[in-house]
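Data block below; observations after.
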Amino acid sequence: MPVISVIVPTYNLEYYIAETLDSILAQTFTDFEVLVIDDHSTDKTVEIIQQYQSKDSRIKLLINQRKKGASGARNTGIYAAQGEWVAFLDGDDFWSVDSLECRFNSLKEYP
């Protein structure tokens with residue numbers, strides 16, 4: 001079981017999702033899973049996610065059966081999460097390489 005489940009909602013983010021996933025995979029803290037929830041993209045977002053998924057088993061692609069919006073996509077991720085903690089990152093945002101490590105250290109210091 002991973003310590004952190006990173007939940008990434010996406011919708012038509014083919015120009016951003018690769019950089020978002022790269023920023024997650026570059027983390028100094030590595031005990032995580034990545035749940036990417038696609039909300040019925042009509043561009044190449046899903047294809048790009050699948051390419052990353054084939055390279056790293058921590059990445060899991062979930063596709064909503066119907067369009068739910070960003071909050072609905074996040075909820076889909078929460079229900080599927082296996083980590084002890086949940087972190088959210090939108091599909092067009094990026095983290096510094098120590099983002100998860102800083103968050104986890106804060107959780108340990110201030111339980």
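The values are calculated or read from the model by the stated rules, or taken from the named source; none is laboratory data. For clarity, every value in this text was computed on a predicted model and none was experimentally measured. Note that each Cβ is placed from the backbone with ideal geometry, even for glycine, and that neighbours are counted across all protein chains shown. What goes into the accessible areas is simple: the full protein's heavy atoms, side chains included, and nothing from ligands, DNA or RNA. Shrake-Rupley method; radii C 1.70, N 1.55, O 1.52, S 1.80 Å.
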Query raised in the report: Can you give the FRET efficiency for residue 58 and residue 92, using 1/(1 + (r/R0)^6), R0 = 25 Å, r = Cβ-Cβ distance, to the nearest 0.05?
Result: 0.80
Report task. Select from 63, 52, 32 the residue farthest towards the positive end of the dipole of segment 1-102; place +1 on Cβ of Lys and Arg, -1 on Cβ of Asp and Glu, and compute about the Cα centre. Result -> 63
Query - Label point distance in nm, residue 105-residue 31, each placed 7 Å from Cα along Cα→Cβ - result: 1.6
Query raised in the report: Leaving out same-chain residues fewer than 8 places away, which lysines sit with a Cα under 21 Å from that of residue 67?
Result: 44
**Report entry** Rounded to the nearest 10 Å², the accessible area of residue 85 at probe 1.4 Å
**Finding:** 100
Requested in this report: Compute the relative contact order of segment 1-98 as a whole-number percentage, counting only Cα pairs closer than 8 Å that sit 6 or more residues apart in sequence.
Outcome: 47
Query - Accessible surface, 1.4 Å probe, highest first, among residues 93, 43 - result: 93, 43
Query raised in the report: Once you charge only the Cβ atoms, +1 for Lys and Arg and -1 for Asp and Glu, what is the size of the charge dipole of the chain about its Cα centre, to the nearest 20 debye?
Result: 440
Query raised in the report: Tell me which aspartates and glutamates have Cα within less than 14 Å of residue 68's Cα, excluding those fewer than 8 residues away on the same chain?
Result: 38, 39
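Please compute the per residue accessible area over the chain with all protein chains in place, 1.4 Å probe, rounded to a whole number of Å².
56
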Requested in this report: Could you work out how far the C-alpha centroid of segment 49-76 sits from that of segment 83-111, in angstrom?
Outcome: 19
